Amino acid sequence: KTYTNGKETASEDVTSKAGWSSSPSGLVTVTSGSVKGSKAGTATVTASYTVNGTAVSGTATVTVSDVIGYELEITPKSSEVNVGSSVALVAKYYKLTNGQRDGGTDVTSKVTWSSSPSGLVTISSGSVTGVKSGTATVTGSYTANGGTVNASASVKVNDVITYDLVVAPETATV
C-alpha cells in the first residue's frame, strides 16, 4: 500500500513478488505467501518488498497446532480357524500426534464387531468362532473423541476333517 499524508493512495498485491521468511525456523515453510505448518508452535512470518527504492516489510503471527488423529488396529490381520474352534482378535485404539502413534489402548471388549459374508463366524468380544468354511472379513468399529474408526481382519474357516478306522470283520475266529 502507498500512503500520502497518512492516507492510502494506492495498493498492489505483491504476494508473489515479496521475499518471505519465518522465525523460529522449522515451524513453518512459506512459499509465495502460502504458509504450511511443520510442527506445533508459534512463528512470525515476514514479507519483505522494495518499492521505489524503499524497503518495506510486514509480519504476521502463525500458530501451528498438533495434528491429532485416531486409528484402530486389529491383530492378527489374518488367521485361520477350524469350524467349531475360536481365534482371539485384539483391537487397539491409537492416538496419532503428527503421525506418531501413542502406546495404544486395548478396546477389544468395547468394539462393535461384524463380519461379512454373514454366517461364516460368530464374534463375541474379539473371540471369533468358525461356523462354516470360507473366508470372512471381520470388522471392528470403535467410537471415541467425537469420531468412529474402523479396522478389519481376515479369518479363514476350515472344515474339520475326521477319519474313522474300521476293522473288518469286527469279530473273527482263528
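Computed values, structure above
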{"quantity": "Residues of segment 8-41 that turn out to be part of a loop (DSSP other than H, G, I, E, B) and under 12 Å from A60 (Cα atoms), as a count", "calculated": "1"}
{"quantity": "Only one of T139, T129 that is open to solvent by less than 60 Å² (accessible area, probe 1.4 Å), over 28 Å from Y70 (Cα atoms), β-branched (V, I, T) and under 33 Å from the mean Cα position of the chain (by Cα)", "calculated": "T129"}
{"quantity": "Enumerated strands (runs of 3 or more DSSP E) restricted to segment 42-112, each holding at least 2 residues that are within 21 Å of S16 (Cβ to Cβ) and β-branched (V, I, T)", "calculated": "54-64"}
{"quantity": "Filtered residues of segment 123-168 (kept if under 19 Å from A91 (Cα atoms), in a strand (DSSP E or B) and among the polar types (S, T, N, Q))", "calculated": "S124, S127, T129, T137, T139, S141, T143, T148, N150, S152, S154"}
{"quantity": "Filter result (among the hydrophobic types (A, V, I, L, M, F, W, C) and under 30 Å from S25 (Cβ atoms)) within segment 62-85", "calculated": "V62, V64, V67, I68"}
{"quantity": "Selection within segment 113-122 - farther than 20 Å from T143 by Cα, not hydrophobic (A, V, I, L, M, F, W, C) and not in a loop (DSSP other than H, G, I, E, B)", "calculated": "S116, T122"}
{"quantity": "Whichever residue in segment 23-59 is on the phi > 0 side of the Ramachandran plot and surrounded by 12 or more Cβ atoms within 10 Å (Cβ to Cβ) and, among such residues, is farthest from the chain's Cα centre (by Cα)", "calculated": "G33"}
{"quantity": "Residues of segment 97-117 classified as open to solvent by 50 Å² or more (accessible area, probe 1.4 Å), small (G, A, S) and at pLDDT 95 or above, total", "calculated": "3"}
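The values are calculated or read from the model by the stated rules, or taken from the named source; none is laboratory data. Since we're looking at a predicted model, the values are computed, not measured. Don't worry about glycine lacking a Cβ; one is built from the backbone with ideal geometry, like all the others, and counts go over all protein chains shown. Surface areas here come from the heavy atoms of the whole protein model, side chains and all, with no ligands, DNA or RNA. Shrake-Rupley method; radii C 1.70, N 1.55, O 1.52, S 1.80 Å.
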